[in-house]
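The values are calculated or read from the model by the stated rules, or taken from the named source; none is laboratory data. Note that the structure is predicted; figures quoted are calculated from it, not measured. FYI the Cβ positions are ideal-geometry reconstructions off the backbone, even for glycines, and counts take in every protein chain you see. Ligands, DNA and RNA are excluded from the accessible area calculation, which covers all protein heavy atoms including side chains. Shrake-Rupley method; radii C 1.70, N 1.55, O 1.52, S 1.80 Å.
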Amino acid sequence: MLYLTNPEQLEALLPGEPPYRADQLREWLYEHPVLTVKSMTNLPSALRSELADRLWPFALEVEQSADAGMTHKWLFRTPDGAAIEAVLMGYPRRTTLCISSQVGCALGCTFCATGQFGFERHLEAGEIVAQVAFAEAFLAGGGMNGCPDRVTNIVFMGMGEPLANYARVRESIRRMIEQMGISARAITVSTVGVAPGMRRLAAEPWQVNLAVSLHAADDELRTTLVPLNRRYPLEEVEAAAMEFFEAKHRRVSIEWTMIAGVNDSDDQAVKLSAIAHRLRAHVNLIALNPTPLTPDLPSPHRRIEAFLGVLRGRGVNATLRDTRGRDIDAACGQLRARAAGS
Ligand code: SAH
Ligand code: SF4
């Protein structure tokens, strides 16, 4: 599988070919991705036939679109049966691709469909970067109109906890930056608070963005939503986020899923304001997308507005994230849940 090979070692897959072939192939894989090997026009046809079935490390199983074609969701299936999902959102001046870093997730946040499924396995660096290449090929082929024809922004907000799969995620980011020409500033790693991973990321040479999924502003409440909070309580997560901010001089964002009657009180907003101030962080609220295994509901719109009001009243930069693709289950792990028949 071509993406499962390190881009600097592609020669090994091309015995008997001249040395420049590996460069040509690498350009097709990373600089100008295409959906089929047939489109790699400068490769000899015998080689194209040989490589034909080896391009993608997964098969496309389900493709759905919403928002008048400006949201696309893909469910890929690997040869060992693992499901990978990615969501592409097009806007007039940018495209944002949401990618997965693991199959399932071991961290078990109560409101998250991926967490409810448990952990299956890590994704390889090539399986992560291939999601980006697939979206690039789709856009280059005219798959979405009214937005740029390249992936401009990448968020690790699909299935899995990227910082629990550090080495492979790191290698995928390296390939995006060094091989695909994607700016580090356009890549956002979202974590539920794996503090050691946040510190490692702070020490990397890249100016990537960090999003911290907080969901609660005191340990008592947070532990009920995010089991990992027992291991890395708020104070430690905040310290690691501060370390990132100080190392990169890049504003961290705080993600907060709004769950009716659970974490949407004014009291939580006041406590969150204090944290956001200390970190000089931007707060993104996300209305809960209901999942099959809990009765939780999204906060009503009026409550979200009031919560935003408390934050803004205290001088915190806060926005409500738009929920693209609701009708196609485009939230964390949900298409997979549907495909599995649950
Ligand atoms: N594991 C990482 C990244 C993947 S989850 C993390 O937790 O940050 C990406 C984002 O989706 C997180 O902010 C998470 O809180 C949010 N999310 C998970 N389940 C959700 C749901 N049912 N509704 C709305 N947002 C959800
Ligand atoms: Fe894992 Fe993130 Fe879902 Fe929590 S919210 S279970 S960390 S994917």
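Annotations
- Filter result for the condition that a residue is assigned to a loop (DSSP other than H, G, I, E, B), surrounded by 21 or more Cβ atoms within 10 Å (Cβ to Cβ) and within 16 Å of ligand 2 (Cβ to nearest atom), over 197, 158: 158
- Residue within the stretch 279-296 that is more than 25 Å from the chain's Cα centre (by Cα), open to solvent by 10 Å² or more (accessible area, probe 1.4 Å) and within 15 Å of ligand 1 (Cβ to nearest atom) present: yes
For (1) open to solvent by less than 10 Å² (accessible area, probe 1.4 Å); (2) away from ligand 1 (no atom under 13 Å from the Cβ); (3) not assigned by TED's automatic domain parsing to the domain that holds residue 323, each residue gets a yes or a no:
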position	(1), (2), (3)
97	yes, yes, no
101	yes, no, no
110	no, no, no
119	no, no, no
130	yes, yes, no
134	no, yes, no
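- Reported count of residues in the stretch 52-78, each being part of a helix (DSSP H, G or I) and surrounded by 18 or more Cβ atoms within 10 Å (Cβ to Cβ), is 0.
- Residue tally, condition part of a helix (DSSP H, G or I) and surrounded by 14 or more Cβ atoms within 10 Å (Cβ to Cβ), over the stretch 248-274: 7
- Restricting the stretch 161-189 to residues that are in a loop (DSSP other than H, G, I, E, B) and within 16 Å of ligand 2 (Cβ to nearest atom), the residue that is surrounded by the fewest Cβ atoms within 10 Å (Cβ to Cβ): 165
- Residue match in the stretch 76-91 (condition: under 20 Å from residue 293 (Cα atoms) and assigned by TED's automatic domain parsing to the domain that holds residue 162): yes
- Contact map, the stretch 22-46: first residue touching a residue at least 60 places away in the same chain (Cβ under 8 Å), second residue open to solvent by 70 Å² or more (accessible area, probe 1.4 Å) and in a helix (DSSP H, G or I), Cβ cut-off under 6 Å, separation 6 or more or different chains; the map is empty.
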